[in-house]
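Novice: Here it is: the structure, laid out below.
Derivation of every value follows stated rules applied to the coordinates shown; laboratory data play no part. Since we're looking at a predicted model, the values are computed, not measured. Neighbour counts are summed over all protein chains in view; Cβ atoms, including those assigned to glycine, are modelled from backbone coordinates with ideal geometry.
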Amino acid sequence: MSDIKEQLQDIKTQLRLSMNGVVSQSMREKGLHYKLNFGVELARMKEIASRFEKEHQLAQALWKEDIRECKILAGMLQPIESFYPEIADIWVENIQNMEIAELTSMNLFQHLPYAPAKSFQWIASEEEYIQVCGFLTIARLLTKKGDMNDRAASEFLDQAICAVLSGTYHVRNSAITALRKFMNHSQENAFRVCRLTDKYADSINEKEQLLYSVVKEEVENW
């Protein structure tokens, strides 16, 4: 454990030496609030992460720190094989902004062997950032692994359309990202979504019009 403490201290020292107050201030102005934010850029964090072996206890210790850079590095340094589903649930419940949701989905969640099932569980949650992580992970999986079976596609489309029409701003945008990836996979997928949203063509509801416009744009790209 002392070794983990030493590594954690080493990482914090490197982060402080890489502080960027301008970036940190810019993030605050854009609404990204952290208890502590050193403003370290992603390229520098990847460089720091490359100096350490992926190690479960270290990643868990980093995640528990209420520091932007530590949370991002935790996703980079967490081994897949020891990141059990119940730990994944604890992490997503702890996510409170889009930057951590996006980077943890990219660096960790999409690579989990149980990611397809877990992401569907997350999009059914009522918690904003749990839903966001679910849709972002599905978007990553669609990009990497391709299509999903018919039953999964039906469930995904139900949840995604519902999220666009009634979700928060971030949930809506994450659902749209996943919908675009689903439609981009095949013409059949694109027209499947089109058939589900055609009824909103003349809607005066702003969110229904947004959904229709997004789908129409994707179909026209084929």
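Novice: Percent of Cα-Cα pairs more than 32 Å apart in the chain, please.
Specialist: Values: 6451 of 24531 pairs.
The share of Cα pairs beyond 32 Å in the chain comes to 26 percent.
Novice: With the dipole of region 59-201 worked out from charges on the C-beta (+1 for Lys and Arg, -1 for Asp and Glu) around the Cα centre, which of 85, 138, 62 lies farthest toward the positive end?
Specialist: Result: 138, furthest along the dipole toward the positive end.
Novice: What is the packing order of peptides 110-123, 82-95, taking the mean over residues of other C-beta atoms within 10 Å and listing the highest first? Could the numbers behind the result be given before it?
Specialist: Details: 110-123: 18.4, 82-95: 16.0.
Highest-to-lowest ranking by the protection proxy: 110-123, 82-95.
Novice: Assuming 1.567 mPa s and 4 °C, estimate D for region 1-65 with Stokes-Einstein, Rh taken as the Kirkwood radius over Cα pairs, in µm²/s.
Specialist: Result for D is 101 µm²/s.
Novice: Using the eigenvalues of the Cα gyration tensor, what equivalent ellipsoid semi-axes result for region 133-213 when each is taken as the square root of five times the eigenvalue, whole Å, largest first? Intermediate values should be presented prior to the final figure.
Specialist: On the way: eigenvalues 80, 45, 19 Å².
The answer is 20, 15, 10 Å, longest axis first.
Novice: Using the Cα centre of region 101-146 as the reference point, and only Cβ charges (+1 on K/R, -1 on D/E), how large is the resulting charge dipole? Debye, rounded to the nearest 20. Mind showing how you got there, number by number?
Specialist: Values: 4 positive and 4 negative charges, 73 e Å.
With only Lys, Arg, Asp and Glu charged at Cβ, the dipole is about 360 debye.
Novice: Under the 0.36 nm per residue contour assumption, what length would be gained going from the current alpha-carbon distance of residue 150 and residue 222 to full extension? Could the numbers behind the result be given before it?
Specialist: Numbers: separation 72, 0.36 × 72 = 25.92 nm, distance 2.12 nm.
Roughly 23.8 nm would be gained on extension.
Novice: Which translational diffusion coefficient, to the nearest whole µm²/s, is obtained for region 56-185 from the Stokes-Einstein equation, given a Kirkwood hydrodynamic radius over C-alpha pairs, 4 °C and 1.567 mPa s?
Specialist: 89
Novice: While we're on this one: Given contacts defined as C-alpha pairs under 8 Å and at least six residues apart, what's the relative contact order of the chain, whole-number percent? Before the final figure, lay out each step's value.
Specialist: Details: 265 pairs, mean separation 26.0, N = 222.
With pairs under 8 Å counted, the relative contact order is 12 percent.
Novice: Among 71/207; 71/144; 144/216; 12/54; 12/145; 5/46, which pairs are too far apart, with a Cα-Cα distance over 28 Å?
Specialist: On the way: 71/207 33 Å; 71/144 24 Å; 144/216 24 Å; 12/54 17 Å; 12/145 36 Å; 5/46 20 Å.
Result: 71/207; 12/145 exceed 28 Å.
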